[in-house]
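Enquirer: Here it is, the structure in full.
The values are calculated or read from the model by the stated rules, or taken from the named source; none is laboratory data. Predicted model only: the values in this text are computed from it and were never measured. Quick reminder, even Gly has a Cβ in these numbers, built from the backbone with ideal geometry, and neighbours come from all protein chains shown.
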Amino acid sequence: MTSYHQKVDMDQLTKEAIDWALAHGLVVRPTVDKQQHFKNNAAVIHAPLALYPTPFPRHEFVKAKELQQPWNSLIHKMSQDNDLIQEVMETLSNVDDFMKQLYSIYMQVQQQGVAQSASLGIHRCDYLLHADVGQDASNARIQQVEFNTIASSFGSLSTRMGQLHRYLLSAIDHYGDDKIVFDQLPENDAISAIADGLASGWKLYNKNTARVMMIVQPDERNAFDQRWIEYALQERHGVHLLRRSMTDVIERGQFDEATKTLSVDGHEIAVVYYRAGYGPEDYHGPQEWAARLMMEKSQAIKCPTVAYQLVGAKKVQQVLAMPGRLEKYVDDATAAQLRESFAGLYPLDQSPQGKEAYQMALQSPERFVLKPQREGGGNNVYGDDIEKVLTPLSEEGRMAYILMDLIRTPPVHNAMLREGQVIQGQVVSELGIYGIYLSDGNKEVVNNVGGHLLRTKGVETKEGGVAAGFAVIDSPLLV
Ligand code: ADP
Ligand code: MG
Ligand code: MG
């Protein structure tokens, strides 16, 4: 295995990377123990990052980007398919309280009448490269891990990451042992694409004094990834964004029953952009759910709607992989193109396939990943743990999960930097492609590809989240 820094002064590389990251906002807040020395959240630290761009096959990168616009339309069509949502959520509701609450909001708004027919999506489809056992790594192909319809993060830090790798290429002698050329580092416009997406929703709402509101977690460490979007929205479009937590909305939000307008701190809200609210941790009780319902039934454009969030469930991903299901939404050629990147997905219900999948999972757990309906990393079950989780469950309880083929990515070498420390070794990378979509309720107003993200982790680490502490931010070296 070639490592590509034999001729490089690693010490210099590390210091240059850290300073560039600090100077250019490729940063996160330090962990709470390190923050306590500073008042008012005054400290930052470089984001966990890869010192070199990780090689990624160019044709697979291009393929992933080409799939994004079809994915954007598909997600929208699914969100408008009440039968699909009902079919999946009626059963999931019995075994997953969080999905039950979301589904209940969906139904209440459907019954009361939808005040805002537009939907805004800032999605991210995630892929791993896969090569079968014994197959040459150069034949590796992308397989989709999942699609995210809410709070897709790291677009901003990812944009900065690509810029850092370009800088290092010019600043460091023999960077990548002189094998890297500029053209291999693709442009990444995720910050402006996401900001422009929010602006397009704001324009559709069509009220100059209204604002965009980002729903955030109060103790967010990844705040600068969010701030870059806020600042780009201000600088590119003159639109002001409010950062508010769910609690702020409970305490200071207002809903006007007559006009259906939503206001917070006296400002009318044109777009609600959720960077929180994707998991149960953000809902401490009935008050947060009441706030979510209030926002959902308002006239503000939601990014995403509850319907988008529901169809982003892993159970929907699994249902979509069943024969004939994709064809309900897209033509046969597009279906074939999308299906090429599907890994094996199996239900764990009482259908013949479900029973068979259950047996397969117990017999060869090393071939699978067991997934609940959660987001944010760290929730999946692998290997021997699969049996421990599955066997105590009732037949109904299993339906909270789906089973997925384990994607096997050929590892490569890289050096990762976390809190100033270099960790070298074998790594695998997950590619994310952002999708920006706006429907006015009748037609597509925006359907764009919105830049990319590469996250890299040590080969021995199973989960992949950067925020969850498993991975670092990276950028692709197209080969
Ligand atoms: P989440 O919504 O929590 O991000 P994911 O489906 O993305 O859930 O799973 C989290 C991580 O687990 C991924 O980033 C990836 O590293 C790993 N993972 C998920 N599915 C697979 C799979 N089928 N094969 C290999 N690794 C997987
Ligand atoms: Mg996810
Ligand atoms: Mg994920």
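Enquirer: Would you please name the residue that is nearest to Leu204 (Cα to Cα), looking only at residues in segment 439-479 that are within 16 Å of ligand 2 (Cβ to nearest atom) and among the basic types (Lys, Arg)?
Expert: Arg455
Enquirer: Can you say whether Glu430 is surrounded by fewer than 24 Cβ atoms within 10 Å (Cβ to Cβ), of a type in the set (Asp, Glu), at pLDDT 95 or above and within 16 Å of ligand 2 (Cβ to nearest atom), as far as the supplied structure shows?
Expert: So Glu430 fits the description; yes.
Enquirer: Now a separate question. Being crowded, with 23+ Cβ neighbours inside 10 Å and away from ligand 2 (no atom under 16 Å from the Cβ) is the filter here; which residues of segment 130-157 pass it?
Expert: Residues satisfying the conditions are Ile142, Ser156, Leu157.
Enquirer: Another question about this same structure. Just to be sure I understand, how many residues within segment 58-97 are under 29 Å from Pro286 (Cα atoms), part of a helix (DSSP H, G or I) and not β-branched (Val, Ile, Thr)?
Expert: Total satisfying the criteria: 14.
Enquirer: Examine segment 372-379 for a residue that is surrounded by 15 or more Cβ atoms within 10 Å (Cβ to Cβ) and away from ligand 3 (no atom under 16 Å from the Cβ), and state whether such a residue exists.
Expert: No.
Enquirer: Only one of these conditions is not met by Asp81: (1) more than 23 Å from Gly279 (Cβ to Cβ); (2) without any contact (Cβ under 8 Å) to a residue 40 or more places away in the chain; (3) not small (Gly, Ala, Ser). Which number is it?
Expert: Among (1) more than 23 Å from Gly279 (Cβ to Cβ); (2) without any contact (Cβ under 8 Å) to a residue 40 or more places away in the chain; (3) not small (Gly, Ala, Ser), the lone unmet condition for Asp81 is (2).
Enquirer: I'd like the residue in segment 321-354 that is in contact with a strand residue (DSSP E or B) (Cβ under 8 Å, 6 or more places away or on another chain) and assigned to a helix (DSSP H, G or I) and, out of all such residues, is farthest from Lys100 (Cα to Cα).
Expert: Gln353
Enquirer: If you don't mind, another one. Report, by residue number, each residue of segment 181-195 that is buried (at least 18 other Cβ atoms within 10 Å of the Cβ) and either more than 18 Å from the chain's Cα centre (by Cα) or at pLDDT below 95 (or both).
Expert: Residues satisfying the conditions are Gln184, Leu185, Pro186.
Enquirer: As an exercise: evaluate Asp474 against (1) over 26 Å from Arg141 (Cβ atoms); (2) surrounded by 15 or more Cβ atoms within 10 Å (Cβ to Cβ); (3) acidic (Asp, Glu) and give the number of the one condition it does not meet.
Expert: (1)
Enquirer: Looking only at segment 408-440, filter to residues that are over 13 Å from Gly121 (Cα atoms) and in a loop (DSSP other than H, G, I, E, B); which one of those is nearest to ligand 3 (Cβ to nearest atom)?
Expert: Thr409
Enquirer: A further question on this structure: Hey, does segment 234-246 have a residue that's buried (at least 21 other Cβ atoms within 10 Å of the Cβ) and within 22 Å of Val114 (Cα to Cα)?
Expert: Looking for residues that are buried (at least 21 other Cβ atoms within 10 Å of the Cβ) and within 22 Å of Val114 (Cα to Cα), one finds at least one in segment 234-246, hence yes.
Enquirer: Also, I was wondering about something else. Out of segment 349-370, which residues are more than 16 Å from ligand 2 (Cβ to nearest atom) and aliphatic (A, V, I, L, M)?
Expert: Ala357, Met360, Ala361, Leu362
Enquirer: Out of Ala118, Ala137, Ala131, report the one residue that is among the small types (Gly, Ala, Ser) and under 23 Å from the mean Cα position of the chain (by Cα).
Expert: Ala118
Enquirer: Hey, any hits in segment 203-219 for a residue that's crowded, with 18+ Cβ neighbours inside 10 Å, of a type in the set (Val, Ile, Thr) and touching a Phe, Trp or Tyr at 6+ places or on another chain (Cβ under 7 Å)?
Expert: yes
Enquirer: Give me the pairs: first residue in segment 324-352 and touching a residue at least 40 places away in the same chain (Cβ under 8 Å), second residue acidic (Asp, Glu), beta-carbon distance under 7 Å, and six or more apart or on different chains, which are they?
Expert: Going by the 7 Å Cβ cut-off, the qualifying pairs are Ala343/Asp405; Gly344/Asp405; Gln350/Glu395.
Enquirer: While we're here: Could you figure out which of (1) in a helix (DSSP H, G or I); (2) in contact with a Cys (Cβ under 7 Å, 6 or more places away or on another chain) isn't true of Phe147?
Expert: (1)
Enquirer: Let me ask another. How many of the residues making up segment 371-414 are farther than 18 Å from Leu320 by Cβ, within 16 Å of ligand 2 (Cβ to nearest atom) and out of contact with any strand residue (DSSP E or B) (no Cβ under 7 Å at 6 or more places or on another chain)?
Expert: Total meeting the criteria: 4.
Enquirer: Okay, moving on. I need the full set of residues from segment 178-216 which are touching a residue at least 40 places away in the same chain (Cβ under 8 Å) and of a type in the set (Lys, Arg), in order please.
Expert: Lys179, Lys207, Arg211
Enquirer: Could I ask something else about it? Among the listed residues Ala21, Ala43, identify the single one that is in a loop (DSSP other than H, G, I, E, B) and either on the phi < 0 side of the Ramachandran plot or surrounded by fewer than 19 Cβ atoms within 10 Å (Cβ to Cβ) (or both).
Expert: That would be Ala43, the only listed residue that is in a loop (DSSP other than H, G, I, E, B) and either on the phi < 0 side of the Ramachandran plot or surrounded by fewer than 19 Cβ atoms within 10 Å (Cβ to Cβ) (or both).
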